[in-house]
Each structure stands twice: as structure tokens, then as C-alpha cells.
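Below is one structure, written out as C-alpha cells; the observations come after it.
Nothing in this text is a laboratory measurement; each read-out follows from the coordinates by a stated rule. Here the structure is a predicted model, which means the values were calculated and not measured. A quick note on method: Cβ atoms are made from the backbone with ideal geometry, for glycine too, and the neighbour counts reach across all protein chains shown.
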Amino acid sequence: MQSSLVKVSLEIYGIQPDPAVLLHHSSATLEDLTVYGATFQSELQFPRVRKLSLHRVDYPPLALVARIFPSLVDLTFSNSHRGDDLRVADCQYRQLNRSVQLAGGGWTSLDRLAGEPVDLYRLGLTCQIRRVEISHVDRDTRETVAHILSDSRPSHVHIRLTSIFPCVRCFPDEVAARLTYLRCTIDLVYLFEEFDTLFNVDGRNTRSVMFIQQFRPESFASQVIASHPSIRYIAIQINHAKPLFWKVLTMESGEVVVGKASKEDISAVMEL
């Protein structure tokens with residue numbers, strides 16, 4: 001790779017070379033890097049990289065990665081093949097990363113962090129992160145999610161649910177107090193695997209309709225906002241259907257009401 005690149009996606013199988021070595025010709029220009037299966041070893045810096053996506057990378061050395069990408073603002077860390085079980089090595093890796101950050105390593109802040117519960121938990125970031133997006137959240141991972149949110153202290157949260165339970169149970173008090181934006185995506189494909197018989201009537205495929213009717217997103221949004229006064233905006237999406245939006249409005253009389261919006265407009269929370 002001799003040319004100077006701005007955006008790169010690397011998928012590596014078998015031997016895992018150092019991405020920094022492969023991309024050294026673009027160290028001064030690269031801004032967006034996606035890596036599948038690689039090991040970081042070199043100290044070569046990429047000062048312009050702001051977005052980094054790591055996949056099939058079990059234990060990236062946090063201190064080294066932070067030095068390689070000092071300007072990072074957007075991090076995705078996902079090993080979807082791992083499952084939800086924590087190993088001893090996962091907990092050791094989390095503790096190591098927390099120690100590194102206590103000693104001044106890592107990043108001071110990020111704008112966005114995304115991944116699955118176990119991956120983000122073991123990564124153990126403790127810096128301020130404005131937006132956190134967590135996929136594959138269910139009853140078994142809600143405590144893990146609570147730890148992630150408590151560590152990162154976000155104001156914007158996007159949770160992708162694969163189990164029916166109130167997602168607000170994931171929010172520790174200190175997170176709920178500053179949360180201004182909440183987005184819930186509900187993956188029916190996972191729900192149907194567990195509750196298939198609950199959504200069939202006379203053999204007809206009416207599961208989506210019945211779920212939406214029983215779920216009552218308007219009621220859910222109102223309950224969440226009522227129980228978390230700091231929330232100014234909430235979005236709910238079921239599978240790939242058109243998302244629904246609500247935002248908190250303050251009337252001239254001073255009364256606070258929840259108003260449904262026809263399209264996404266988060267101007268009410270962008271400066272919070």
C-alpha cells in the first residue's frame with residue numbers, strides 16, 4: 001500500500017500482521033480505520049485518525065492503541081463471536097485497562113463508543129463518553145450494561161434490545177440524572193425465537209402487529225421520560241420499521257409536556 005489513504009478497512013485471516021506496519025505510508029493522512037483480526041505492536045502514530053472500528057481483536061493493548069491514535073473520538077469494539085460469558089482473562093484485561101487509565105493512559109474523552117455488552121465491559125473505559133451505543137442487550141446483560149454506562153457517564157444512549165424488559169433498568173442513578181437522549185431499537189427476530197408462540201393467531205403471521213399493539217411505544221416513551229426528568233428526547237424503533245420520536249416541550253405556561261415528532265430533531269439536546 002504505497003498511496004496515502006484517508007479511509008481503510010482491513011480484514012485479516014490467519015497470520016495477524018500489525019496494521020500500523022501495513023499502513024505506514026498513510027500515517028499522516030488516515031482518518032477512518034476498520035480492522036478485522038489484527039495485533040497492534042508498532043508505536044507508529046496516526047494523528048489524524050478520528051474513527052476506529054476493531055473486530056475480532058480480543059485484547060488490544062489500550063495504552064498502545066491510545067498512543068497510536070491520540071486524536072480518536074469514535075471507537076467501535078466488537079467481537080460478536082465471543083458470546084456473553086465473561087472469562088477470567090476478560091476480567092484481568094478490564095482491570096489492567098482501568099489501571100492504565102488511572103496512571104494517565106488511554107483517552108481523556110470520546111464522542112462515541114459502540115459495541116456489545118461483554119466487549120465494552122471488558123474494555124473498561126472510564127473516560128467521559130458523550131454517546132454510547134450498545135447492541136444485543138437482554139435480561140442477562142443488563143447489569144453489565146449498567147457498569148458500562150456508569151463508567152462512561154454518557155448523555156446520549158442507544159440500546160438495541162433483544163429481550164423484553166424495561167431498558168431503563170440498565171441506567172444507574174448517576175447516568176439517569178444526566179441522560180438527555182435515549183434511543184431504543186427492538187430486534188423482533190430475537191424476540192420471536194424466544195416467544196414465537198405468543199405472536200401467532202390462527203396460523204397467520206401477525207407477530208409484528210401484535211407486538212406493536214401490546215408494546216404501546218407511546219406509553220413506554222411517556223413512562224421513561226416521566227421517570228427520568230433529564231431526558232429531553234427519546235426514539236423507539238422496532239426492527240427496520242420507521243422510528244418513532246418524542247421530545248420534551250416546555251410550554252409558555254411553564255408546563256412540561258411530551259410531544260410526538262414526525263421526524264428526528266435532536267436540537268433540544270445537542271447543546272446539553
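General observations
- Taking 0.36 nm per residue of separation and subtracting the current Cα-Cα distance, fully stretching the chain between Leu5 and Thr250 would add 83.4 nm.
- For Arg183, nonlocal amide neighbours, meaning residues 5 or more places apart or on other chains whose placed amide H falls under 5 Å from its own, are Val157, His158, Ile159, Ala235.
- Packing order of peptides 114-122, 174-182, highest average first: 114-122, 174-182 (average count of other Cβ atoms within 10 Å over each peptide's residues).
- Shown in residue order for segment 112-117 are the 3J(HN,Hα) couplings computed by the Karplus curve 6.51 cos²θ - 1.76 cosθ + 1.60 at θ = phi - 60°: 8, 10, 9, x, 9, x Hz (x for Gly and Pro).
- In sequence order, calculated HN-Hα J values of segment 170-186 (Karplus, 6.51, -1.76, 1.60; Hz; x Gly/Pro): 6, 9, x, 4, 5, 6, 4, 5, 10, 5, 10, 9, 10, 10, 10, 10, 10
- Of all lysines in the structure, the ones whose alpha carbon falls short of 17 Å from that of Lys242, not counting any fewer than 8 places away in one chain, are Lys260, Lys263.
- Cross-link partners of Lys7 among lysines (Cα-Cα below 18 Å; sequence separation of 8 or more within a chain): Lys51
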